[in-house]
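The values are calculated or read from the model by the stated rules, or taken from the named source; none is laboratory data. This is a predicted model, so every value here is computed, not measured. Cβ atoms come from the backbone with ideal geometry, glycine included; neighbour counts cover every protein chain shown. Quick note on the areas: whole protein, heavy atoms, side chains included, nothing else; ligands and nucleic acids left out. Shrake-Rupley method; radii C 1.70, N 1.55, O 1.52, S 1.80 Å.
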Amino acid sequence: MRESDVKQALSELPVRVQESWRGGVVRLPTWIAEPGERPFRPRVGAMMSLLEDRFAATAPSRPHGDGHTLAVEALAQLALENAAGGYLPGCVEVPEQELAAQLGQMLEGTGVRVQVVPDLSPVDELLLESLGWDESPDRRPGALGAPGMTLGRLRDLASAACEFYDAAPWE
């Protein structure tokens, strides 16, 4: 479906003011290695309802460009193609200003607000759960996945490691 057709179809949908969706572009925690090519981590566009049990994700894609079209595709899929679809939320939350601007243009005239919210972790968790990767025995937690770990603590650890390396006590 062309972008103009998607925009037209979205503009005809009713808006549920109390509903909110959150989404964006998510990097999958796996590598794909095709013969003769460099390995890459695929990305998907994902969008989820914060009030209902509804979720949409695009097919995994090579990392190219900013990936915002993947998030737009996921929003359109959730609104138009989902079995329980047929409406837009009152608010869409995304992690980046550029994506918010793009969705704002796509949803112009519908009354849908687009807000920047930096945390996509609920979308990440739902995506991993739906793909079965949250139960994988070889899945390693991220650096911020340890209990009590914060970005500040991780920054302090990296700073201490740099100081230790610069001091070169082994010389």
If we scan region 127-137, do we find a residue that is at pLDDT 70 or above and aromatic (Phe, Trp, Tyr)?
no
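Sort through 76, 101, 83, 71 and tell me the only one that's surrounded by fewer than 23 Cβ atoms within 10 Å (Cβ to Cβ) and modelled with pLDDT of 85 or more. Full working, then the answer.
Details: 76 fails: surrounded by fewer than 23 Cβ atoms within 10 Å (Cβ to Cβ); 83 fails: modelled with pLDDT of 85 or more; 71 fails: surrounded by fewer than 23 Cβ atoms within 10 Å (Cβ to Cβ).
Of 76, 101, 83, 71, the one residue that is surrounded by fewer than 23 Cβ atoms within 10 Å (Cβ to Cβ) and modelled with pLDDT of 85 or more is 101.
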Anything in region 1-24 that is out of contact with any Ser or Thr (no Cβ under 9 Å at 6 or more places or on another chain) and closer than 15 Å to residue 47 by Cα? List them, or say none.
23, 24
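Hey, does region 38-47 have a residue that's β-branched (Val, Ile, Thr), closer than 20 Å to residue 105 by Cβ and either touching a residue at least 12 places away in the same chain (Cβ under 8 Å) or open to solvent by 10 Å² or more (accessible area, probe 1.4 Å) (or both)? Break it down stepwise before answering.
So in region 38-47, the residues β-branched (Val, Ile, Thr) come out as 44.
Filter once more, so that each one left must be closer than 20 Å to residue 105 by Cβ: none.
The answer is no; no qualifying residue exists.
Does residue 33 fit the bill of being crowded, with 22+ Cβ neighbours inside 10 Å and among the small types (Gly, Ala, Ser)? Let's see the steps before the verdict.
Details: crowded, with 22+ Cβ neighbours inside 10 Å: no; among the small types (Gly, Ala, Ser): yes.
Criteria not met by residue 33.
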